[in-house]
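All remarks here apply to the structure that follows.
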Amino acid sequence: MTAVRPPARFGGLTLDGDAVCEFSEKPQTGEGWINGGFFVFEPEVLDYIEGDSTILEREPLERLASEGELMAFRHTGFWQPMDTLREKQLLESLWAGGNAPWKVWE
């Protein structure tokens with residue numbers, strides 16, 4: 001499983017009382033890891049999936065974790081979800097502007 005730190009959805013503030021000491025627009029979060037959505041499985045993992053109605057992130061991954069069989073690769077590079085229209089538009093604008101961090105060749 002790829003573990004990533006998600007980008008914050010809002011600008012971050014560092015406060016000293018009511019004074020804003022630091023502002024950072026949508027920074028990368030510094031705490032907590034989440035499922036980045038990329039997996040490399042051994043074929044035996046298919047035995048944990050009962051059928052089309054099985055939700056991978058529920059019983060199969062939870063069971064693998066409880067059995068000590070789920071490992072994470074901590075990816076610290078660029079990662080951005082595309083769950084909303086706004087995120088899709090952001091990724092498309094990065095691509096169109098030639099600023100796509102995931103593009104590694106021409």
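Rule-based calculations on the coordinates, nothing more; no lab input. Remember, it's a predicted structure, so these values are computed and weren't measured experimentally. Note that we place each Cβ from the backbone using ideal geometry, even for glycine, and neighbour counts take in every protein chain shown.
A compact table of results
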{"quantity": "Ranked list, fewest to most other Cβ atoms within 10 Å of each Cβ, for Val104, Val45", "calculated": "Val104, Val45"}
{"quantity": "Exposure rule at most 10 other beta-carbon atoms within 10 Å, DSSP loop chymotrypsin sites (Phe, Trp or Tyr not before Pro): the chain longest free segment", "calculated": "11-104"}
{"quantity": "Debye, to nearest 20: dipole size of the range 2-75, +1 on Lys, Arg Cβ, -1 on Asp, Glu Cβ", "calculated": "360"}
{"quantity": "Label of the coordinate-derived value, mean projected area of the Cα convex hull in nm², listed as (i) 7.3; (ii) 8.2; (iii) 10.7", "calculated": "(iii)"}
